[in-house]
Amino acid sequence: MSDRNIRLKVRVWRQNGPNDKGRFENHELAEISQGISFLEMLDLLNRQLTLAGIEPVAFDSDCREGICGSCSMIINGMAHGPQKGTTACQLHMRHFEDGATITIEPWRAKAFPVIKDLVVDRAAFDRIQQAGGYISVRTGSAPDANAIPIGKEAADAAFDAAACIGCGACVAACPNASAMLFVSAKISQFAHLPQGQPERWRRVQRMVAQMDEEKFGACTNVGECEAACPKEISVRNIALLNRDYLLARFMKEPV
Amino acid sequence: MSLKSHVPEGAIQEKWTKHQFDLKLVNPANKRKFEIIVVGTGLAGGSAAASLAELGYKVKSFCIQDSPRRAHSIAAQGGINAAKNYANDGDSVWRLFYDTVKGGDYRSREANVYRLAEISTAIIDQCVAQGVPFAREYGGLLDNRSFGGAQVSRTFYARGQTGQQLLLGCYSALMRQVDLGAVDLYPRTEMLDLIVIDGQARGIVTRNLVTGKMDVHIGDAVVLATGGYGRVFYLSTNGQGSNVTAAWRAHKRGAYMANPCFTQIHPTCIPVHGEHQSKLTLMSESLRNDGRVWVPKEKGDKRAPGQIPENERDYYLERRYPSFGNLVPRDVASRAAKQACDEGRGVGETGLAVYLDFADAIKRVGEDAIRGKYGNLFHMYEKITGENPYKTPMRIYPAVHYTMGGLWVDYNLMSNLPGLFVLGEANFSDHGANRLGASALMQGLADGYFVVPYTIGGYLATAKIAPADATHAAAQEALGGSKERIAKLLGVRGKKTVDELHRELGLVMWNRCGMARNAEGLDKALGEIPRIREEFWKNVNVQGSGDDLNQTLELAGRVADFLEFAETMVIDARERNESCGGHFREESQTEENEARRDDEKYSYVAAWEYKGVGERPALHKEDLTFENVKLTQRSYK
């Protein structure tokens, strides 16, 4: 298919660091091919800025095929932009009209301080993972992989949860900046598998405690997280987390 | 310096077991006295850092990404090989070993490959225990599929996201060690130099990418697991941050660079589109299990694919290689696609594409079954191209994907620089001149989980390591040099962007040192690369400062290294006057246009010693001997 060239106005957030107030900056782009990706459009903007002696817009990206979870930006008010189940890096310019104004902002959440422009600090996710988001297995101590059969349904459910790329769109989309979808995806992956059972109750309590410590908001069942998730992780995982957390507390399981 | 591979004596089946016993051990109480620096958190680096910390060593883990979970291993799609023989189709350690040596066109070290095949089964066990959700059958047991270059089903997979799932398993093991206080994590931190003290690799110079602060880290050994150098071509399937910097700086400090011209061009990628493209997207090789590759029989046939009748199509892989068909190895499939396009039979707007057609498979098993196997890949294809591959065949073309060459290592995965260990794609050791599909994940995890934890102990138990700290003259010299270079990059303020210069280099490399190479083109490249390098240092434009997050500055440093590395790569390609695997020298082909090896002259590893920027590096040869596999002209007919 042939792609047209379009003109764009870009309204992009600039912020020098966590303590800077930040502001929007306006730029115009002529001749953007609709065949290129959204981040390639930003590359072209940055080229234009560089040649004009202006520092380019900082934004995270690496794989540019929707799997590493680096890219993280609010496009026209939506985390990762308007396409469902799509990361910003997989969004293409054919979804934008000629003459459109595009507003680009960073993830906004207390637990994700802005480092610069569109780049935020998501280390809180790593710290939650450190609080038990694993199965304790020493290298070399595993039994044969087929020793424990796992039904296809359970394996598929675990996989659906494990597909999370840790981008943080769920937090950015949530009016409370809650991280429940991210945390529940990890909890749910392991809860569906026999290997995850020995540490199940300890894990859910520790990860939830760490999540609270990181100043993520509470979940009030809005559901924006699922709508924004580029991997379409289901809010049913949150129900599972809540159930496991309550059970662990009632049974007074050790933390 | 002579190159000693340190391959143990004895029958190939017993080498690794015997060697593990012969390696000296570090007393458990002494392990905590040793500090190991691990650079990179992909499958190799992440698994090494976690496993070394479990053993009791003090580990520092560095990565350039904002989280270790985002290392580029995450993007691997298709699967991981293991000689489990769960399919009961005749697989064995021996067969995996044989396929890998043959697939690598007899340019890898036999003993390393055998060990890789031997370890492969334990990797699957380890990953399953960590909760990696591999594909399963209804009975609850693990499912397998076939991959290129093999006639058995030995590939374990997690939909089209195997790399992601394996990396998350490895990342969770690493996070566990951070939780236990055994690993210090340094994300968004880039290694800018290697510190060598008394001939031993002892530390690294780093730059904190957020604050710009430069530091020295000293330890007892340095492990590099920093991936491949595919971005030297600018366009590739690699991540935007993938680079050669860590490996190149180690090379400039004395580590040999081996077989840099061995690069893999993957046959099934989405074709290049427009001039502003930043990366190429791979479509997993697993698609060739069900997709059939074809072009029109006639030159310049511009009809839509659906309008070309069956008898006017050329299913050229099935025709040329009846026994492997669409599942020939990557180098063979890529070259065949190039030949079809060079003959004027390519499809699409540019004529640089061939069809990968699922119509027969959909007719046979239904659209839902195909969606179940490849749903995410089809979805990705549609997002990028705007076309529905269930209805119309995919258009694909080869793209740079993986680099078999890398820093030279011995059997212990240690470089010629004592104390420097190199793992995964960053080393050269296991794939020869062509890597088979689903073998990169296997090698990364084998190196990190099961090889280096033993061999590093052997080194630490016997090496004499003198006390040293950041004030050591060698450390300060390296730190000073790195600071100067940052200032220099910021000082040019020229008229070209880093991307522009990187793209110029990429074009030279793709045209002269890509899918086909010849002496004349390579010689031209040796004139062109220094000119771009010179222009870079006179005319590059890096805005901003070195005191905060500056992504252009990061990239500029990496491109500057590619501009030096590229020359060594071309020199290596020029020196090797034979075709083998991914290295196709047009002067050396059979009558049927297949790669013609020259075992008499080139059955060696070319390990290059750095002599200065623009100076010809010195060649050291490690002769390859094959005691267990008979060298033949590789055939997939």
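The values are calculated or read from the model by the stated rules, or taken from the named source; none is laboratory data. Remember, predicted model here, so these are calculated numbers, not experimental data. Methodologically, a virtual Cβ is constructed for each residue, glycine included, from the backbone with ideal geometry; neighbour enumeration extends over all protein chains shown.
Computed values, structure above
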| item | result |
| --- | --- |
| Filter result for B:D342 (closer than 19 Å to B:E594 by Cβ and more than 27 Å from the chain's Cα centre (by Cα)) | yes |
| Answer from B:N427, B:N376, B:N412 - the residue that is over 16 Å from the mean Cα position of the chain (by Cα), of a type outside the set (F, W, Y) and not assigned by TED's automatic domain parsing to the domain that holds B:P329 | B:N412 |
| Residues located in segment B:376-408, provided they are among the polar types (S, T, N, Q) and buried (at least 24 other Cβ atoms within 10 Å of the Cβ) | B:T403 |
| Residues of segment B:339-372 that turn out to be of a type outside the set (A, V, I, L, M) and touching a Leu at 6+ places or on another chain (Cβ under 9 Å), as a count | 3 |
| Number of positions in segment A:223-235 that are within 9 Å of A:L181 (Cα to Cα) and either touching an Asp or Glu at 6+ places or on another chain (Cβ under 9 Å) or outside the structural domain of A:A158 (by TED's automatic domain parsing) (or both) | 4 |
| Test: residue in segment B:497-511 that is touching a helix residue (DSSP H, G or I) at 6+ places or on another chain (Cβ under 9 Å), crowded, with 19+ Cβ neighbours inside 10 Å, in contact (Cβ under 8 Å) with a residue 40 or more places away in the chain and not in a helix (DSSP H, G or I) | yes |
| Which listed residue is of a type in the set (A, V, I, L, M, F, W, C), closer than 30 Å to B:D598 by Cα and touching a helix residue (DSSP H, G or I) at 6+ places or on another chain (Cβ under 7 Å), from B:V101, B:V26, B:V59 | B:V101 |
| Any hit, segment B:42-56, residues being part of a helix (DSSP H, G or I) and among the hydroxyl-bearing types (S, T, Y) | yes |
| Top-ranked residue in segment B:107-143 [being out of contact with any helix residue (DSSP H, G or I) (no Cβ under 7 Å at 6 or more places or on another chain) and surrounded by 24 or more Cβ atoms within 10 Å (Cβ to Cβ); ranked as farthest from the other protein chains (Cβ to nearest Cβ)] | B:R107 |
| Every pair of residues 6+ apart whose Cβ atoms lie under 6 Å, when the first sits in segment B:559-579 and is under 14 Å from B:D598 (Cα atoms) while the second is hydroxyl-bearing (S, T, Y) | B:R576/B:Y602; B:E578/B:S588; B:E578/B:Y602; B:S579/B:S588 |
| Filter result (within 14 Å of another protein chain (Cβ to nearest Cβ) and polar (S, T, N, Q)) within segment B:492-537 | B:T497 |
| Hits in segment B:91-113 (condition: assigned to a loop (DSSP other than H, G, I, E, B), touching a residue at least 12 places away in the same chain (Cβ under 8 Å) and of a type outside the set (D, E)) | B:G104, B:Y106, B:R107, B:S108, B:R109 |
| Looking only at segment B:158-184, and only at residues there that are at pLDDT 95 or above and assigned to a loop (DSSP other than H, G, I, E, B), the one that is surrounded by the fewest Cβ atoms within 10 Å (Cβ to Cβ) | B:G181 |
| B:L317 being surrounded by 19 or more Cβ atoms within 10 Å (Cβ to Cβ), modelled with pLDDT of 95 or more and either in contact with a Cys (Cβ under 9 Å, 6 or more places away or on another chain) or in a helix (DSSP H, G or I) (or both) | yes |
| Filter result for B:T552 (at pLDDT 95 or above, β-branched (V, I, T) and more than 30 Å from B:H217 (Cα to Cα)) | no |
| Any hit, segment B:75-90, residues being of a type outside the set (A, V, I, L, M), modelled with pLDDT of 95 or more and in a helix (DSSP H, G or I) | no |
| Residues (part of a loop (DSSP other than H, G, I, E, B) and surrounded by fewer than 21 Cβ atoms within 10 Å (Cβ to Cβ)) located in segment A:59-85 | A:N76, A:G77, A:P82, A:Q83, A:K84, A:G85 |
| Which listed residue, of B:N577, B:N628, is under 26 Å from B:V508 (Cβ atoms) and surrounded by fewer than 18 Cβ atoms within 10 Å (Cβ to Cβ) | B:N577 |
| Extreme residue, surrounded by the most Cβ atoms within 10 Å (Cβ to Cβ), among residues of segment B:218-250 that are part of a loop (DSSP other than H, G, I, E, B) and more than 12 Å from chain A (Cβ to nearest Cβ) | B:T226 |
| Number of positions in segment B:251-289 that are among the hydrophobic types (A, V, I, L, M, F, W, C), out of contact with any Asp or Glu (no Cβ under 9 Å at 6 or more places or on another chain) and within 14 Å of chain A (Cβ to nearest Cβ) | 5 |
| Matching helices (runs of 4 or more DSSP H) fully within segment A:153-243 where at least 2 residues are more than 14 Å from the chain's Cα centre (by Cα) and surrounded by fewer than 20 Cβ atoms within 10 Å (Cβ to Cβ) | A:200-213 |
| Condition check for A:F112: outside any loop (DSSP other than H, G, I, E, B), at pLDDT 95 or above and of a type in the set (F, W, Y) | no |
| Enumeration of residues in segment A:44-58 that are facing another protein chain (nearest Cβ under 7 Å), in contact (Cβ under 8 Å) with a residue 12 or more places away in the chain and part of a helix (DSSP H, G or I) | A:L44 |
| Every pair of residues 6+ apart whose Cβ atoms lie under 7 Å, when the first sits in segment B:381-394 and is more than 8 Å from every other protein chain (Cβ to nearest Cβ) while the second is part of a helix (DSSP H, G or I) and among the acidic types (D, E) | B:N388/B:E382; B:P389/B:E382; B:Y390/B:E367 |
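For (1) over 30 Å from A:P18 (Cβ atoms); (2) more than 7 Å from every other protein chain (Cβ to nearest Cβ), each residue gets a yes or a no:
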position: A:V114; (1), (2): no, yes
position: A:R122; (1), (2): no, no
position: A:V137; (1), (2): yes, no
position: A:S141; (1), (2): yes, yes
position: A:I150; (1), (2): yes, no
position: A:V171; (1), (2): no, yes
position: A:N176; (1), (2): no, yes
position: A:Q189; (1), (2): yes, no
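For every residue, the table says whether it meets (1) assigned to a helix (DSSP H, G or I); (2) of a type in the set (D, E); (3) modelled with pLDDT of 95 or more.
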residue: B:N376; (1), (2), (3): yes, no, no
residue: B:E382; (1), (2), (3): yes, yes, no
residue: B:P389; (1), (2), (3): no, no, yes
residue: B:G432; (1), (2), (3): no, no, yes
residue: B:A446; (1), (2), (3): yes, no, yes
residue: B:G458; (1), (2), (3): yes, no, yes
residue: B:A478; (1), (2), (3): yes, no, yes
residue: B:G481; (1), (2), (3): yes, no, yes
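Per-residue answers, yes or no, for (1) over 30 Å from A:I75 (Cβ atoms); (2) touching a strand residue (DSSP E or B) at 6+ places or on another chain (Cβ under 8 Å); (3) part of a loop (DSSP other than H, G, I, E, B); (4) touching a residue at least 24 places away in the same chain (Cβ under 8 Å):
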residue: A:Q129; (1), (2), (3), (4): no, no, no, yes
residue: A:V137; (1), (2), (3), (4): yes, no, yes, yes
residue: A:S141; (1), (2), (3), (4): yes, no, yes, no
residue: A:A145; (1), (2), (3), (4): yes, yes, yes, no
residue: A:I150; (1), (2), (3), (4): yes, yes, yes, yes
